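Novice: Input: one structure, supplied below.
The values are calculated or read from the model by the stated rules, or taken from the named source; none is laboratory data. If you're wondering where the values come from, they're calculated on a predicted model, not measured in any experiment. Reconstructed Cβ throughout: ideal geometry from the backbone, glycine too, with neighbour counts over all protein chains shown. Remember, those area values only see protein heavy atoms, side chains included, never the ligands or the DNA or RNA. Shrake-Rupley method; radii C 1.70, N 1.55, O 1.52, S 1.80 Å.
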4 protein chains.
Amino acid sequence: MAGVAVLGATGMVGQRLVAMLRDHPLFELKALCASDRSAGRTYAEAAPWRLEGEDADWVADWRVRECRPEALPDDVDIVLSALPTNEAKAMEPVFAEAGLVVVSNAGAYRQDPRVPLIIPEINPDHLVMTATQPWAGALITNPNCCAVPLAMALAPLHAAFGVEAACVSTWQAVSGAGYPGESAWDMVGNVHPHPGDEEDKLGVEPQKILGAPGAPAAFVTSARCVRVNTADGHLVSAQLHLRGNPSPEQVLEALRDFTPRGPALPSSPKPLLYLSDRRDRPAPRFDAGRGGGMTVTIGRVERCAVMGVKLYALAHNTVRGAAGAALANAELWTLQSR
Amino acid sequence: MAGVAVLGATGMVGQRLVAMLRDHPLFELKALCASDRSAGRTYAEAAPWRLEGEDADWVADWRVRECRPEALPDDVDIVLSALPTNEAKAMEPVFAEAGLVVVSNAGAYRQDPRVPLIIPEINPDHLVMTATQPWAGALITNPNCCAVPLAMALAPLHAAFGVEAACVSTWQAVSGAGYPGESAWDMVGNVHPHPGDEEDKLGVEPQKILGAPGAPAAFVTSARCVRVNTADGHLVSAQLHLRGNPSPEQVLEALRDFTPRGPALPSSPKPLLYLSDRRDRPAPRFDAGRGGGMTVTIGRVERCAVMGVKLYALAHNTVRGAAGAALANAELWTLQSR
Amino acid sequence: MAGVAVLGATGMVGQRLVAMLRDHPLFELKALCASDRSAGRTYAEAAPWRLEGEDADWVADWRVRECRPEALPDDVDIVLSALPTNEAKAMEPVFAEAGLVVVSNAGAYRQDPRVPLIIPEINPDHLVMTATQPWAGALITNPNCCAVPLAMALAPLHAAFGVEAACVSTWQAVSGAGYPGESAWDMVGNVHPHPGDEEDKLGVEPQKILGAPGAPAAFVTSARCVRVNTADGHLVSAQLHLRGNPSPEQVLEALRDFTPRGPALPSSPKPLLYLSDRRDRPAPRFDAGRGGGMTVTIGRVERCAVMGVKLYALAHNTVRGAAGAALANAELWTLQSR
Amino acid sequence: MAGVAVLGATGMVGQRLVAMLRDHPLFELKALCASDRSAGRTYAEAAPWRLEGEDADWVADWRVRECRPEALPDDVDIVLSALPTNEAKAMEPVFAEAGLVVVSNAGAYRQDPRVPLIIPEINPDHLVMTATQPWAGALITNPNCCAVPLAMALAPLHAAFGVEAACVSTWQAVSGAGYPGESAWDMVGNVHPHPGDEEDKLGVEPQKILGAPGAPAAFVTSARCVRVNTADGHLVSAQLHLRGNPSPEQVLEALRDFTPRGPALPSSPKPLLYLSDRRDRPAPRFDAGRGGGMTVTIGRVERCAVMGVKLYALAHNTVRGAAGAALANAELWTLQSR
């Protein structure tokens, strides 16, 4: 069992990590770290439990630690980072330099040429990039919560045909904004075009994942990202120009035939991609929990008069798109480096 | 004052028509018609008021009539049809044959080569198509509730540059499904990919509107239509390939410079197109009511890496996209034929 | 293993029953029955799966049967009824007369003096009423979905102090209306006072449960029932006049000390009552799933200036309040009659 | 025309005040004041418009001022305060001492024995309390947003019968928490028991309003306050013990016969109380806008087995319950002091 700590443990993704680490077959949670505001308080005080179902009573009395390597107990090998971007930018290299393996969900280093951006069932080979990292430890990242379902849907198609271009739209859940995140006033009976840089991320992250280390894939994507009044589950539409202009049937076959890469991981579900044949699916509330939140549901693979083919993909944004993404990357590291 | 009747008066669009006909400067409401199930009952019994704000007390005691020309009083000149597709298909020609001007919101005859599909500030000249119609009266239609904001945003761009192709996505309100329409179970904390033929309509209706009578415009569109948990207001994203690949600034200028065509209409708002410069707009709950629900709000006109340029457009789907669309067409007819 | 069939298998509660019967330790699902409209079709065609998470693929191809005893296979001993009231009224005695044990969630016979109304951890002794029933089989009912959390919160207090009166309010989930149930138009950004007879049920069902067979408890309740825009989980407020006017601390102690009655049941959770000490709980989305949906969460036990003491109780309305209620009653029957 | 300034102009209630002051027959808006964070910026920068419909373009370029009397222009006579409690506590007496009439929506001084708590159509005579106030100006308050519909529904009944006790529940809109207020994560598909002191306010404010100056009415109330996923409109249930135990019909008659007190006010609607006879009303989205948001809708006046009689009341919480409440109080002051 490797000892792990969670950085940013009091946030939305931090709580998902805590929940997923209970009874994990490879990892034992040793420490919860968060901002100075929270450090020193019990976890229950600093972060009243706000996920569905049973509370995390087992860690309720733990004392939250500061986000510094020295604050960690000795038996921590891996830190799972759910830090906000700025804190991640400042502290993740410090943890890596201290010899820890930093598995990060933050956006700070995703485009750093030294750092792999990994979905472990898609591009586990990118882990090799850590070999030449300047730190005593290592730093691994996972994609943005919308880039995850997009890249996972594109992976089989890029392998089978080659992706040329994608017009993308999203129907994103409020949990993607963290906690407290969006104001209820803005969301009730409403949708909210994403004012930040999410659209830009969808233009570079799938390319880095689906390319070779250091050589991003060359296709172009342009996205419209809109927050909707759902709790969990990002629905993504992709209108795709694929090389050779395959038919929807050929695309479906490629999706069906896709074999996840890399080692079998505890957090990796079967199936990885669930193909729904229902015309009104995928839908966030119904499909986000599939495979414990780690399965991506794909549906409505159809002819697109403009681009060639179109489809929907949906992933639980704080599990497959965040906490589970980091956790699976940590599993990949642990199993690969054995 | 022209006498008007509402067909399908008990539905969602029927109630909007009733609300908009109160104190109308050109029209006097004379009769409410609906299905046999409702006929004979008072309007309040047949259709308990379900719009926001004051009830339509002035028509509460009216007796609902059958949907037949003979059931109308003599002083009705125009019928505004909010009938379901099948009923519209069967009955609208009967009313037209009886000498009435049928101004329809239904989908049944929108693609009929004899019938104009009109947004009165965009293609009022299509009204000429009624001159050769086979009926004693006339039949005019307005577009689907998503096609309205799309066509209205494209109109200035088609005139200024020429539209080549559009990738479209929608975030559609539940009122678009009528009443009772969507199940609350399917919508609460959820979004619902539209299982019907809405996407197909967006591939033909803008073309008919923006072309010449009998000669649809040649551009291609491909849409993804998703119902979201909003009451009113369809948000539409368009990623556009325009001839000459104009910049976002040039596109904004074309939108700003657009002059509505045709005569001034009582229901036509100022401005027709409202250009928002806020990054998180348009948003349905905040923007749908602009201009009494008749203004289309456009925002986020930006470079699109795939298609050239992209933007959002939003319209109140049961006002600008349905009841108000029909009413404005009736106003156009009345003012043109004077 | 007892063989069971589900009546009304295509509805909201029917699907919950199917989900809960998978891998059940006492029961084997043998047949799915529904209306004539559904009979003969596969279950997947008749009732596209609409619960969260994995589909019920194991029964997708089953042929739906008619709702008649003769339509059942021979090895069915128990029928779990999720029929609408009128169908239940007509058919449940027919199944009971045919020798089957009918465990019903319907409201039709809850107030029948021959029929027990049971929450198995509260009044399992009422099962004795079946001994004098006129049918070859038996008929057992469970309470209305709001009466369940109310009666479960009152049970320890009625035992410890005696309930005199209760002012009750509800914040009820849309699933309580079945499928399609409430119109999304009525619920989006809205709440909906319940127009039916739900309030009346809360005035008689807790009394029957907390009294002796044939002798309902004498306290009075008056309720206001309001549907809110939540998926699952009925929140109930009770302002209580208890004999002797105990303090909130004494009430909490009685709740804490309550021992569920009857035999241990596979579907009965630990704890049966979860006492939350958070000021903003219970909340439906967060607490409804506790104990697999079978735990009732109670919170905010406080002094009431009018009645003496007040508290909130919350239960998953289609699990603890419907499907799970019936299933647990079937378990009680099976274990008691051994 | 009296010159007015808005304190706390950048918040939810501040924006409603700005909207209601446009083209007001008695008042001219002269200044917008807010926190130091906002002071010096334009209003559009400091408070991007977030109400439905047209933006407040007429004040977009105004410079926000500091919340000090010296920051006001000379021609301001009345300040309308939408300040948070602590700021109100500190600054409202300072403005009053500076000779201004402070008409406050804040909770800070509602229970101060020197300060009247006024609903102008209910207890305009309480204005007399300002005569003995220690300040050069005056300080007037309006009730909490839930206390408003409660007190307005009780007023006719207290006059006709005498209120003895009330068990109260609320279904409160998110706008009541201000902006950003509630987290969307907490509200989507959820309800949120109010963790603050709202319930306590409902136990003292109606009493102060319905009593004589300095002598609150003696009845007791106990409330359960729950936030629901609605934008605007607080629904309140009251189960009432009235002296003499009148029938629902008698209660309805008292409500129907109620004559608003005091002078006719520009903001006071006709009718003040709208009595709905629909079983599923009042409902926030449909009824909150009645009378421009200033009418209280009452429904379901029925026998209560516990308390005697019960009813629902609904008011737009940021209009009748906040901005409009303050504005109408300012109108009362202006018209009374003439």
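Novice: Cβ-Cβ under 6 Å, sequence separation 6+ or interchain: first residue in region C:213-224 and within 22 Å of residue D:311 (Cα to Cα) and modelled with pLDDT of 95 or more, partner small (Gly, Ala, Ser) and part of a loop (DSSP other than H, G, I, E, B). Which pairs?
Specialist: C:220/D:305; C:221/C:203; C:222/D:305
Novice: While we're on this one: Within region A:224-241, restricting attention to residues that are more than 28 Å from residue A:112 (Cα to Cα) and not in a strand (DSSP E or B), which residue is farthest from the other protein chains (Cβ to nearest Cβ)?
Specialist: A:232
Novice: Residue B:305 is checked against (1) out of contact with any strand residue (DSSP E or B) (no Cβ under 7 Å at 6 or more places or on another chain); (2) among the hydrophobic types (A, V, I, L, M, F, W, C); (3) at the interface with chain A (Cβ under 9 Å from one of its Cβ atoms) and fails just one. What number does that condition carry?
Specialist: (1)
Novice: Next question. Being within 14 Å of chain C (Cβ to nearest Cβ) and under 23 Å from residue A:110 (Cβ atoms) is the filter; apply it to region A:142-193 and report the residue that is most open to solvent (accessible area, probe 1.4 Å).
Specialist: Here the answer is A:179.
Novice: Which condition from (1) over 26 Å from residue D:5 (Cβ atoms); (2) out of contact with any Cys (no Cβ under 9 Å at 6 or more places or on another chain) is the one that residue D:306 breaks?
Specialist: Of everything listed in (1) over 26 Å from residue D:5 (Cβ atoms); (2) out of contact with any Cys (no Cβ under 9 Å at 6 or more places or on another chain), residue D:306 misses just condition (2).
Novice: Here's something else I'd like to know. Looking at C:282, C:271, which one is in contact with a Phe, Trp or Tyr (Cβ under 6 Å, 6 or more places away or on another chain) and either in contact (Cβ under 8 Å) with a residue 24 or more places away in the chain or not assigned by TED's automatic domain parsing to the domain that holds residue C:228 (or both)? Write out each step before concluding.
Specialist: Numbers: C:271 fails: in contact with a Phe, Trp or Tyr (Cβ under 6 Å, 6 or more places away or on another chain).
Just one listed residue meets the conditions, C:282.
Novice: Look through region C:196-223, keep the residues that are open to solvent by 50 Å² or more (accessible area, probe 1.4 Å) and part of a helix (DSSP H, G or I), and return whichever of them is nearest to the other protein chains (Cβ to nearest Cβ).
Specialist: Going through the qualifying residues, I end up with C:200.
Novice: To continue, here is another question. Determine whether residue C:133 is open to solvent by less than 10 Å² (accessible area, probe 1.4 Å) and farther than 16 Å from residue C:331 by Cα. If you could, list the steps in order and put the result at the bottom.
Specialist: On the way: open to solvent by less than 10 Å² (accessible area, probe 1.4 Å): no; farther than 16 Å from residue C:331 by Cα: yes.
It is false that residue C:133 is open to solvent by less than 10 Å² (accessible area, probe 1.4 Å) and farther than 16 Å from residue C:331 by Cα.
Novice: Within the group A:269, A:282, A:248, which residue is open to solvent by 10 Å² or more (accessible area, probe 1.4 Å), in contact with a strand residue (DSSP E or B) (Cβ under 6 Å, 6 or more places away or on another chain) and either within 14 Å of another protein chain (Cβ to nearest Cβ) or charged (D, E, K, R) (or both)? Can you show your working first?
Specialist: On the way: A:269 fails: in contact with a strand residue (DSSP E or B) (Cβ under 6 Å, 6 or more places away or on another chain); A:282 fails: open to solvent by 10 Å² or more (accessible area, probe 1.4 Å).
Only one candidate passes the filter, namely A:248.
Novice: Then there is this: Are there any pairs, at least 6 apart or on different chains, whose C-beta atoms fall under 7 Å, with the first in region B:48-72 and on the phi > 0 side of the Ramachandran plot and within 11 Å of another protein chain (Cβ to nearest Cβ) and the second surrounded by 14 or more Cβ atoms within 10 Å (Cβ to Cβ) and not in a strand (DSSP E or B), and if so, which?
Specialist: B:53/D:289; B:53/D:290
Novice: Still on this structure, please answer the following. Just to verify a result, which residue in region A:69-90, among those that are touching a helix residue (DSSP H, G or I) at 6+ places or on another chain (Cβ under 9 Å) and not in a loop (DSSP other than H, G, I, E, B), is surrounded by the fewest Cβ atoms within 10 Å (Cβ to Cβ)?
Specialist: Within region A:69-90, the match that is surrounded by the fewest Cβ atoms within 10 Å (Cβ to Cβ) is A:69.
Novice: Between A:66, A:121, which is among the acidic types (Asp, Glu), buried (at least 17 other Cβ atoms within 10 Å of the Cβ) and touching a Gly at 6+ places or on another chain (Cβ under 9 Å)? Spell out how you get there, then give the answer.
Specialist: Working: A:66 fails: buried (at least 17 other Cβ atoms within 10 Å of the Cβ).
Only one candidate qualifies: A:121.
Residue-by-condition table, conditions (1) within 30 Å of residue A:52 (Cβ to Cβ); (2) among the small types (Gly, Ala, Ser); (3) modelled with pLDDT under 95; (4) out of contact with any Lys or Arg (no Cβ under 7 Å at 6 or more places or on another chain):
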residue	(1), (2), (3), (4)
D:108	no, yes, no, no
D:157	no, no, no, yes
D:167	no, no, no, yes
D:184	yes, yes, no, yes
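Novice: Further, regarding this structure: Give the residues of region C:310-338 that are under 21 Å from residue D:194 (Cα atoms), more than 10 Å from every other protein chain (Cβ to nearest Cβ) and of a type in the set (A, V, I, L, M), sorted by residue number.
Specialist: Let us first name the residues in region C:310-338 that are under 21 Å from residue D:194 (Cα atoms), namely C:310-316.
When the remaining residues are screened for being more than 10 Å from every other protein chain (Cβ to nearest Cβ), the result is C:313, C:315-316.
C:313, C:315 - these are the residues of region C:310-338 that are under 21 Å from residue D:194 (Cα atoms), more than 10 Å from every other protein chain (Cβ to nearest Cβ) and of a type in the set (A, V, I, L, M).
Novice: May I ask you to list the residues in region D:290-337 that are basic (Lys, Arg) and either outside the structural domain of residue D:247 (by TED's automatic domain parsing) or buried (at least 24 other Cβ atoms within 10 Å of the Cβ) (or both)?
Specialist: Of all residues in region D:290-337, those basic (Lys, Arg) come to D:290, D:300, D:303, D:310, D:320.
Listed by number, the residues that qualify are D:290, D:310, D:320.
Novice: If you don't mind, another one. Which ranges mark the strands (runs of 3 or more DSSP E) fully within region C:242-338 that have 2 or more residues being more than 30 Å from residue C:82 (Cα to Cα)? Please lay out each step first, then the result.
Specialist: On the way: elements: C:273-275, C:296-304, C:308-315.
The qualifying strands (runs of 3 or more DSSP E) are C:296-304, C:308-315.
Novice: Do you know which of the residues in region B:99-118 that are assigned to a loop (DSSP other than H, G, I, E, B) and β-branched (Val, Ile, Thr) is surrounded by the most Cβ atoms within 10 Å (Cβ to Cβ)? Break it down stepwise before answering.
Specialist: Kept after step one, since they are assigned to a loop (DSSP other than H, G, I, E, B), are these residues of region B:99-118: B:99-100, B:105-116, B:118.
Filter again for β-branched (Val, Ile, Thr), leaving B:115, B:118.
Values: B:115: 24, B:118: 28.
That would be B:118.
Novice: Scan region A:187-206 and give yes if some residue there is over 30 Å from residue B:195 (Cβ atoms), touching a strand residue (DSSP E or B) at 6+ places or on another chain (Cβ under 6 Å), not assigned by TED's automatic domain parsing to the domain that holds residue A:8 and not acidic (Asp, Glu), otherwise no.
Specialist: Yes, there is a match, as at least one residue in region A:187-206 is over 30 Å from residue B:195 (Cβ atoms), touching a strand residue (DSSP E or B) at 6+ places or on another chain (Cβ under 6 Å), not assigned by TED's automatic domain parsing to the domain that holds residue A:8 and not acidic (Asp, Glu).
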